[in-house]
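We did not get these values from a lab; they are worked out from the coordinates using the rules stated. On a predicted model such as this, the values are computed, not experimentally measured, just so you know. Here the Cβ positions follow ideal geometry from the backbone for every residue, glycine too, while neighbour counts run over all protein chains shown.
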Amino acid sequence: MAFQTIITPEQLLSERDPDWVVIDCRFSLNDPDAGQREYAEAHIPGAFYAHLNRDLSGRIVPGSTGRHPIPEAADFRALMGSWGARPGVQVVVYDHGPGAIAARLWWLFRHHGHASVAVLEGGYQAWIGAELPLSADAPAVHEGTYPERAPIARAATPAEFGGARLVDARSSERYRGDHEPIDSRAGHIPGAASRPFGDNLDDDWHFLPPDQLRERFEGLGPAADQIHYCGSGVTAAHNLLALEIAGLYGARLYVGSWSDWITDPEHPVATGDE
């Protein structure tokens, strides 16, 4: 059985094959190296570590890109190969628990044509909450590069916004422009709907049932017409994962997101509610 959206800690423990690839991507914006320090102390046995800024993002060009552009394709495929990922091999990714960083890595795998990738439901907190095994040992790096394959998940640019339904995954406060703790301008892209990624989860950081997720997004029109964005192309991937769980397919990610949009002073900005 291939897991392509989410997997529970119990499923990972009971069904894990020796070839499975597990990747820890815990990360904190306030302390970018905290996740790697925590990984060194303890992690799911056999898990590799991936850093949001160094591994899941490419080179930032000031005034031209957002805060987390995607890595160069060849670089990321080499990284996939070093983790032991091969076509058909199950990959499981996890972060602290909410799943935003893990969803970014989930999307990157799919962007490079790898379908068998799932986010650990509830993340590391769910794993330790279930008192499952831990390790401080880092696995051996593999040789080889993941082959070039057609993307499953697609990215979008502002040139493709015409006729699309834009969806903002940031908090309602940031969407309205009431509060902007990170980027230099506040507000949202005109015409975008607000669907904060945190509302995809219950209080235990588990995704809502598929029917409830479907209800969140169905009013926005066909998923294939939707382009999701956030601050820098991370939490918007969480909405794309929620759509897949709900059985709604084809939505795209504006990787540069708000931090890319505001690099162009000619781009309009809206504030307030929809």
(message) Within 10 Å of each candidate Cβ there may be at most 14 other Cβ atoms; applying that plus a DSSP loop requirement, which trypsin sites (Lys or Arg not before Pro) in segment 89-149 survive?
(response) ARG149
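What number comes out for the charge environment of ALA103, summing +1 per Lys or Arg and -1 per Asp or Glu over other residues with Cβ under 11 Å away?
0
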(message) Can you find, among GLY129, TRP83, ALA47, the residue sitting farthest towards the positive end of the charge dipole of segment 6-129, where Lys and Arg contribute +1 and Asp and Glu -1 at Cβ?
(response) TRP83
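Within a 10 angstrom radius of the beta carbon, how do SER14, SER64 rank from fewest other beta carbons to most?
Listed from fewest to most nearby Cβ atoms, that is SER14, SER64.
Counting other C-beta atoms within 10 Å, and keeping those with at most 13, which DSSP coil GluC sites (Glu not before Pro) do you find in segment 166-266?
Counting only loop positions with at most 13 other Cβ atoms within 10 Å, the GluC sites (Glu not before Pro) in segment 166-266 are GLU266.
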(request) Report the local net charge at GLY46: Lys and Arg +1, Asp and Glu -1, summed over other residues whose C-beta lies under 12 Å from its C-beta. (result) -3
(message) Using each residue's phi in segment 160-173, evaluate 6.51 cos²θ - 1.76 cosθ + 1.60 at θ = phi - 60° and report the 3J(HN,Hα) Karplus result to the nearest Hz, with x for Gly and Pro.
(response) 9, 6, x, x, 8, 9, 7, 9, 9, 8, 6, 4, 4, 5
(message) To the nearest 20 Debye, how big is the dipole of segment 29-121 about its Cα centre, given +1 on the beta carbon of each Lys and Arg and -1 on that of each Asp and Glu?
(response) 360 debye
(message) If neighbour count is taken as other Cβ atoms inside 10 Å, put HIS96, HIS228 in order from fewest to most.
(response) HIS96, HIS228
